[in-house]
Amino acid sequence: MNAAANALQSVLGDTPASTQHFANPSNDPGKFADPSGAKMQALVWHGKNDVRIDEVAKPRIVDPTDVLVKVTGSTVCGSDLHLLHGAIIQLKSGDILGHEYMGVVEEVGSKITKVKPGDRVVASFNIACGNCYACSKKLSSICPNVNTSSVQQEMYGNQSSGFVGYSHFTGGFAGGQSEYVRMPFGDANLLKIPEGVPDETALYLSDVLVTSYHQVMDSGVKEGDIVGIWGLGAIGLLAAKWALLKGASRIIAIDNVQWRLDNVQAKLGPKVELLNYDEFKNVPKRLNELTAPGTHGLDATRPAGIDVALECAAGEYAKGWGHTIEMAVGLETDTSEILNEMIMAVVPFGTVGITGVYAGYTNHFNIGAVMEKGVRLIGNGQAPVHKWWEEILNDYLIPGKLDPRELILTHRIPLEDVPKCYTQMDKHENGIVKTFVETKFSSPPSAGAPPSTRL
């Protein structure tokens, strides 16, 4: 499917964009590489289940709105595993991956006014122009002026913005699991970090903090809600925290990796209840039992079910043989199993919010239940980082209401161990929730952050 998508892109041609694109400066060093010939280390996709640290060309300023960032921290996201598996289309061998990073500004283009060399910055995983209608609304993930994928336009009817290090389906930009990144439209897509905010806190404004916050806000979690969360990686854990901060009365965490379930309960306390779907195969039935009328202080006439269901897993993980086979032979790209569980589990006129990655098409979707129950089915979309990152920084991180070091950060590793990190996260090994990936430019660990270790 990936090869077919790349072939279709060649036929359709690129859609117009306001910036130049490269997924690896070594692909055209005369145009995109530092003229000094300097090299850097970067995580490179070579094919399905094959990522490696390679020596590649250091990038250069290409457009006057570019900023060159010296990376001091990056991380591996659960959604990076979709790239590892080849589940996201339009990947090409040689692409530099990684969409979450921060660093120090090394060089700026001639039209940059908001940041300067030496500034400590975190990068939005959205690459947006900063000047269009969508950007004026802070909807940076749907800026139409950056992504050149005509395949995405054909599939969705619109395009996302460009994304850092996340395939040519999102523009084909070199990623942040590297030592340097050329950031297009740097004035819009880099946020200066105040003194006193550690790197291990600021880094996660690039995606995971914003994505989880956006899901909770966009899905309308409110005081007293019972919230079910499917998938307890970093996004799910943070979504549970945000839901509690917004007044949720109960969180029911749904996963089949017991240490992840135990971890979220240990981090967030007694309002979190656990549901291991290896033990309870019928998830909606079990959720109805946990929310039976007249129990847990619920009204005796309230229907069983949760108020809000949050999808923090993804569509590539089939549970049954039927969807496994259909996905393997190309009859669908994503399973509908989790979505159907959520639709069945919410109360009538309840809400389903989807932030786990679904890339294409699914079969056996329970549209009848959506209509008849009045389910509010919300695709949360790729989170608009610009809408939320300053709010999270100023209202939660600086006052200390939420600290990623305490909640999600489990490992600090060198860049050279990132391929191992992909493998261990894919297998749910070593207790990894979220990493801080250091480079030779990183500062020492801050107080309360884990020390540097090897995987």
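Side notes on the structure shown:
- Of the residues making up segment 96-116, those that are loosely packed, with under 15 Cβ neighbours inside 10 Å and either without any contact (Cβ under 8 Å) to a residue 40 or more places away in the chain or in contact with a Lys or Arg (Cβ under 6 Å, 6 or more places away or on another chain) (or both) number 1.
- Of the residues making up segment 46-56, just one is part of a loop (DSSP other than H, G, I, E, B) and among the charged types (D, E, K, R), namely 48.
- Any hit, segment 425-432, residues being crowded, with 17+ Cβ neighbours inside 10 Å and either at pLDDT below 95 or out of contact with any helix residue (DSSP H, G or I) (no Cβ under 8 Å at 6 or more places or on another chain) (or both): no
Here's the yes/no breakdown for (1) of a type in the set (A, V, I, L, M); (2) modelled with pLDDT under 95; (3) touching a helix residue (DSSP H, G or I) at 6+ places or on another chain (Cβ under 9 Å); (4) not assigned by TED's automatic domain parsing to the domain that holds residue 359:
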position	(1), (2), (3), (4)
271	no, no, yes, no
276	no, no, yes, no
287	yes, no, yes, no
292	yes, no, no, no
307	no, no, no, no
314	yes, yes, yes, no
320	no, yes, yes, no
323	no, no, yes, no
327	yes, yes, no, no
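- From 79, 74, 93, residue being among the hydroxyl-bearing types (Ser, Thr, Tyr) and surrounded by fewer than 19 Cβ atoms within 10 Å (Cβ to Cβ): 93
- Residues that are outside the structural domain of residue 218 (by TED's automatic domain parsing), within 28 Å of residue 87 (Cβ to Cβ) and buried (at least 19 other Cβ atoms within 10 Å of the Cβ) occur at least once in segment 392-404.
- When the residues of segment 3-45 are filtered to those that are among the hydroxyl-bearing types (Ser, Thr, Tyr) and in contact with a strand residue (DSSP E or B) (Cβ under 9 Å, 6 or more places away or on another chain), the one that is farthest from residue 131 (Cα to Cα) is 26.
- Positions within segment 209-241 being of a type in the set (A, V, I, L, M, F, W, C), farther than 15 Å from residue 252 by Cβ and out of contact with any Lys or Arg (no Cβ under 7 Å at 6 or more places or on another chain), in sequence order: 209, 210, 217, 235, 238
- Residue tally, condition closer than 20 Å to residue 389 by Cβ and in a loop (DSSP other than H, G, I, E, B), over segment 77-103: 6
- Residue in segment 49-65 that is in contact (Cβ under 8 Å) with a residue 24 or more places away in the chain, at positive phi and out of contact with any Pro (no Cβ under 9 Å at 6 or more places or on another chain) present: yes
- Segment 274-332: number of residues that are part of a helix (DSSP H, G or I), free of Cβ contacts under 8 Å to residues at least 24 places away in the same chain and loosely packed, with under 15 Cβ neighbours inside 10 Å: 6
- A single entry from 43, 68 fulfils the requirement of being crowded, with 18+ Cβ neighbours inside 10 Å, in the same structural domain as residue 128 (by TED's automatic domain parsing), touching a helix residue (DSSP H, G or I) at 6+ places or on another chain (Cβ under 6 Å) and in a strand (DSSP E or B): 43.
- Restricting 21, 85 to those that are of a type outside the set (A, V, I, L, M) and closer than 27 Å to residue 317 by Cβ reduces the list to 85.
Residue by residue, here is whether (1) closer than 26 Å to residue 176 by Cα; (2) under 22 Å from the mean Cα position of the chain (by Cα) holds:
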site	(1), (2)
215	yes, yes
254	no, yes
261	no, yes
280	no, no
312	yes, yes
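- Single residue of segment 1-34 satisfying the filter (of a type in the set (Ser, Thr, Tyr) and in a loop (DSSP other than H, G, I, E, B)) that is surrounded by the most Cβ atoms within 10 Å (Cβ to Cβ): 19
- Of all the listed residues (151, 146), the sole one being assigned by TED's automatic domain parsing to the domain that holds residue 13, in contact with a Gly (Cβ under 8 Å, 6 or more places away or on another chain), touching a residue at least 12 places away in the same chain (Cβ under 8 Å) and among the hydrophobic types (A, V, I, L, M, F, W, C) is 146.
The values are calculated or read from the model by the stated rules, or taken from the named source; none is laboratory data. All values reported here derive from a predicted model rather than from experimental measurement. Note that each Cβ is placed from the backbone with ideal geometry, even for glycine, and that neighbours are counted across all protein chains shown.
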